[in-house]
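Asks: Handing you a structure now.
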Amino acid sequence: QVQLVESGGGLVQPGGSLTLSCAMNGSDFRLHHLYWYRQSPGKERDLIARISVGSSTNYADSVTGRFTISRDNAKNTVYLQMNSLKPEDTAVYYCNALHYSDSRRQYWGQGTQVTVSS
């Protein structure tokens with residue numbers, strides 16, 4: 001039973017920083033591409049960051065230069081470092097893992113709320 005467990009969400013002031021963590025319990029963490037998505041009420045879930053098995057990264061235009069995705073294979077954990085936060089970043093953030101060669105192996109975290117407000 002593969003699970004992704006998220007932590008690190010909370011309330012932060014505009015301009016502040018927050019780091020999200022997502023740990024996977026299961027095998028073959030190193031063989032999964034990892035993603036962060038976010039979703040606000042009434043909106044679709046948007047992809048905001050990706051890190052591949054080989055640790056190459058990609059970001060949505062809305063977060064480029066402010067957010068950093070990283071992975072620690074020894075800890076089976078992916079992180080999202082968020083800086084210069086804006087009220088528009090308020091959303092539920094979800095991590096996702098996708099096996100590099102088998103799309104049937106895809107898993108979602110439970111979501112963690114990030115609220116940016118003064």
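The values are calculated or read from the model by the stated rules, or taken from the named source; none is laboratory data. A quick note: this is a predicted structure, and the numbers were derived from the prediction, not measured. Cβ: placed from backbone, ideal geometry, glycine included. Neighbour counts: every protein chain shown. Note: accessible area is taken over every heavy atom of the protein model, side chains too, but ligands, DNA and RNA are not part of it. Shrake-Rupley method; radii C 1.70, N 1.55, O 1.52, S 1.80 Å.
Asks: Filter segment 48-98 down to the residues that are charged (D, E, K, R), open to solvent by 40 Å² or more (accessible area, probe 1.4 Å) and part of a helix (DSSP H, G or I), then identify the one that is nearest to LEU11 (Cα to Cα).
Replies: GLU88
Asks: While we're on this one: How many residues are open to solvent by 70 Å² or more (accessible area, probe 1.4 Å) and polar (S, T, N, Q) if we restrict to segment 99-118?
Replies: Residues that pass the stated criteria total 6.
Asks: Contact list please: Cβ distance under 6 Å, first residue in segment 92-118 and on the phi > 0 side of the Ramachandran plot, second residue buried (at least 20 other Cβ atoms within 10 Å of the Cβ) and part of a strand (DSSP E or B), pairs at least six apart or on different chains.
Replies: Partner pairs satisfying both residue conditions: GLY111/TYR94.
Asks: Among the residues of segment 35-47 satisfying the criterion of being open to solvent by 70 Å² or more (accessible area, probe 1.4 Å), outside any strand (DSSP E or B) and of a type outside the set (Lys, Arg), which is nearest to GLY9 (Cα to Cα)?
Replies: Ranking the candidates gives PRO41 first.
Asks: Another one. Of the residues SER103, SER27, only one is more than 12 Å from the chain's Cα centre (by Cα), over 19 Å from VAL5 (Cα atoms) and not in a strand (DSSP E or B); which?
Replies: Only one candidate passes the filter, namely SER103.
Asks: Next up: Output the qualifying pairs, or none if there are none: Cβ atoms under 6 angstrom, residues six or more apart or on different chains, first residue in segment 7-36 and on the phi > 0 side of the Ramachandran plot, second residue of a type in the set (Val, Ile, Thr) and part of a loop (DSSP other than H, G, I, E, B).
Replies: Between residues of segment 7-36 that are on the phi > 0 side of the Ramachandran plot and residues that are of a type in the set (Val, Ile, Thr) and part of a loop (DSSP other than H, G, I, E, B), the close pairs are GLY26/VAL2.
Asks: Let me ask something else. If I go through segment 13-34 residue by residue, how many of them are surrounded by 15 or more Cβ atoms within 10 Å (Cβ to Cβ), within 23 Å of THR90 (Cβ to Cβ) and in contact with a Leu (Cβ under 6 Å, 6 or more places away or on another chain)?
Replies: The number of residues fulfilling the criteria is 2.
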